[in-house]
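Structure, as structure tokens:
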Amino acid sequence: MARRVLELPDTVPLSPIIDLWDQQEPDGPDATGIYDFYRNLADGELTGQKCLSCGKLIFPPQIICPSCNSTELEWVKIPEEGELYAFTELKLGAPIIVENYAPFVIAVARFGNYPENGFQISGMMFDESYEELKIGDRITWDILEIKGPGDKKRYWYYFRKL
Amino acid sequence: MRNVAIVGAGITKFGVREAGWKDLVQEAGKAVFDDVPNLDKKEIDSLIVGAAQPERWINQTHVAPLVAELLGIEVKRVISRTEVACASGQAAIRYAWLAVAMGLSDVAMVVGVEKMNTRFMNFSQSSMINVGNREFDGANGFTAPPFFALVAQRHMHDFGTTREQLAMVRVKNAEYGSYNPYAQFQKKVTVEKVIESRMVAPPLTLFDCSAITDGACALILASEEKAKQLTDTPVWIVGGVQHVDYAHTTNQMGDLSHWVGLRKAAKDLYEMLNIKPDDIDIAEVHDCFTISEILEYEELGFCKKGEGGKFIEEGQSYIGGKVAVNPGGGLLSNGHPLGATGVRQAWEIVMQFRGEVPKERYVGGAELGIAHNLSGMAQLHHIMAYSLKKRSDVKFGR
Ligand SMILES: [Zn+2]
């Protein structure tokens, strides 16, 4: 008999499987072609794209226009004021990584003249409860800093009522 | 295109099961083999497995050959796993149907399975955000309940649908589920009980939501020639359609209170079969949430757009109403093991046509049934049609 023991570590690093913001790498094998979207967030702007060939607005950002296949896309700032289109509050069943923030409001807002010339975007809201909101409220987006794990710092956005 | 019949159907108990993924596959396999005693396993030449996220919930990929091993099947023609989230099961039926209809396969097996309950339920919730656009909607906490809550809020806002009308869908499906021994929930409920249950994502409470469920369901499909040897009660697959309006992320979804993809899919199916909504006797529809069934009445054409709430309030979707919707209790009673649900819907229609269900939920005289499966945040809609009549024999409707 030569019984052996394999010792496993007590903890393992944050798994990309449960990290909600795992797709924001500028370079290396995990690089995303839309990294400028995250660079814009770091610089304080939530952006979509406009196709320079067919004029269509694009969100979420992509590297090729799905309407005309053009690669000539320019970044456009999402208008700062939008309209609350629908909202709820996640009271049960939050994904593991944002469990500590539940309950939080999940909303869909329309910016600009959607659908012809605007955007319909989902977002979290932390400053208002479900009861304080109504369809049609004026809202804005702002930048959300994602700190950690360790010294990692990434950027996202959230909505708040104006 | 050859005629294709479902010649056997078997199901496991659905629920929070003290059973692993492989156990569920074997239970469903045995159930369907017992249902077709004339079948020699060696006659099965193809296997399609519907499974949505085995790589997340049981950390296993390449599951189709695993199922072949567990069920003792040598596959010579077509084998694959299908994944379209909540409609992975119906997709498995569709590809098995196509293989037999094309003449590539003579006898094909379909297994739909999901094992969703684990000790790590918050991890399961993290898996569910991946069916929407993970990077842009999932990151905002978009699991299914909040998304369908937004749909409910908009439907109430745009069409005056009431909280009570949402609850009435659960009341109906709970009543039929109480006569389904395989269902996760077999208790009748009242409108008050639905509304007073725990809030999940307003306006939806716990009883407005289908559950997180373990379960499996299996079918045997056969060509007309083989079907004659295997059963006296074949159920024919007569049509199937799918539709996605290049929409996966919120920005592409338009008005949340309209499911344009389902409207288009239904129109395609009705033209394919030359039928009207009135010709449908049984509709198994994807009531993942109470609001879903209300939109489905409308987009399938059972009532006018915006009148789905009135349709349930008037009792039109009960057996004996305009169309029997979810006489097996739907997802709300059965639970929703993603890969198994679409197969369970077909199982229900087979059992209905054979008259092998309790009389309290039996739709007498039914000849045509449809099963509607949706996937993800209702971006993609899938419908199949099953009948006692052969596809080649019948001019449905006019
Ligand atoms: Zn373009």
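Things worth noting here:
- So A:T47, is it within 15 Å of the ligand (Cβ to nearest atom) and either of a type outside the set (G, A, S) or over 20 Å from B:Y246 (Cβ atoms) (or both): no
- Against the criterion of being of a type in the set (A, V, I, L, M, F, W, C), touching a residue at least 24 places away in the same chain (Cβ under 8 Å) and within 19 Å of B:Q184 (Cα to Cα), B:V32 does not qualify.
- Matching option when the condition is facing chain B (nearest Cβ under 10 Å), part of a strand (DSSP E or B), within 17 Å of B:S126 (Cβ to Cβ) and at pLDDT 95 or above, among A:I121, A:I106: A:I106
- Per-region count, the range A:130-162, residues modelled with pLDDT under 95 and farther than 30 Å from A:T11 by Cα: 0
- Candidates B:R134, B:R170 - the one that is assigned to a loop (DSSP other than H, G, I, E, B) and either open to solvent by 10 Å² or more (accessible area, probe 1.4 Å) or within 14 Å of chain A (Cβ to nearest Cβ) (or both): B:R134
- Take the conditions (1) open to solvent by 10 Å² or more (accessible area, probe 1.4 Å); (2) in contact with a Cys (Cβ under 9 Å, 6 or more places away or on another chain); B:G376 misses just one of them, which is (1).
- Restricting the range A:50-61 to residues that are open to solvent by 60 Å² or more (accessible area, probe 1.4 Å) and without any contact (Cβ under 8 Å) to a residue 24 or more places away in the chain, the residue that is farthest from the ligand (Cβ to nearest atom): A:L52
- The one condition in (1) touching a Phe, Trp or Tyr at 6+ places or on another chain (Cβ under 9 Å); (2) crowded, with 23+ Cβ neighbours inside 10 Å; (3) more than 24 Å from B:M377 (Cα to Cα) that B:E114 fails to fulfil: (3)
- When B:R263 is tested against (1) open to solvent by less than 60 Å² (accessible area, probe 1.4 Å); (2) touching a residue at least 24 places away in the same chain (Cβ under 8 Å), just one condition goes unmet, and that condition is (1).
- Sub-7 Å Cβ pairs linking a first residue in the range B:49-73 that is under 21 Å from B:N117 (Cα atoms) and modelled with pLDDT under 95 to a second residue that is open to solvent by less than 40 Å² (accessible area, probe 1.4 Å) and basic (K, R), at least 6 apart or interchain, are B:W57/B:K115; B:I58/B:K115, ordered by first then second residue.
- Any hit, the range A:26-40, residues being more than 9 Å from the ligand (Cβ to nearest atom), modelled with pLDDT under 95, part of a loop (DSSP other than H, G, I, E, B) and in contact with a strand residue (DSSP E or B) (Cβ under 7 Å, 6 or more places away or on another chain): yes
- Top-ranked residue in the range A:70-93 [being over 17 Å from the mean Cα position of the chain (by Cα) and away from chain B (no Cβ under 14 Å); ranked as nearest to the ligand (Cβ to nearest atom)]: A:S70
- Every condition in (1) within 16 Å of the ligand (Cβ to nearest atom); (2) assigned to a strand (DSSP E or B) is met by A:I64 except one, and the failing one is (2).
The values are calculated or read from the model by the stated rules, or taken from the named source; none is laboratory data. Values in this document were obtained by computation on a predicted structure and should not be read as measured data. Ideal geometry is used to build each Cβ from the backbone, glycine not excepted, and the neighbour counts take in all protein chains shown. For the accessible areas, the whole protein counts, side chains as well, though only heavy atoms, and no ligand, DNA or RNA atoms are used. Shrake-Rupley method; radii C 1.70, N 1.55, O 1.52, S 1.80 Å.
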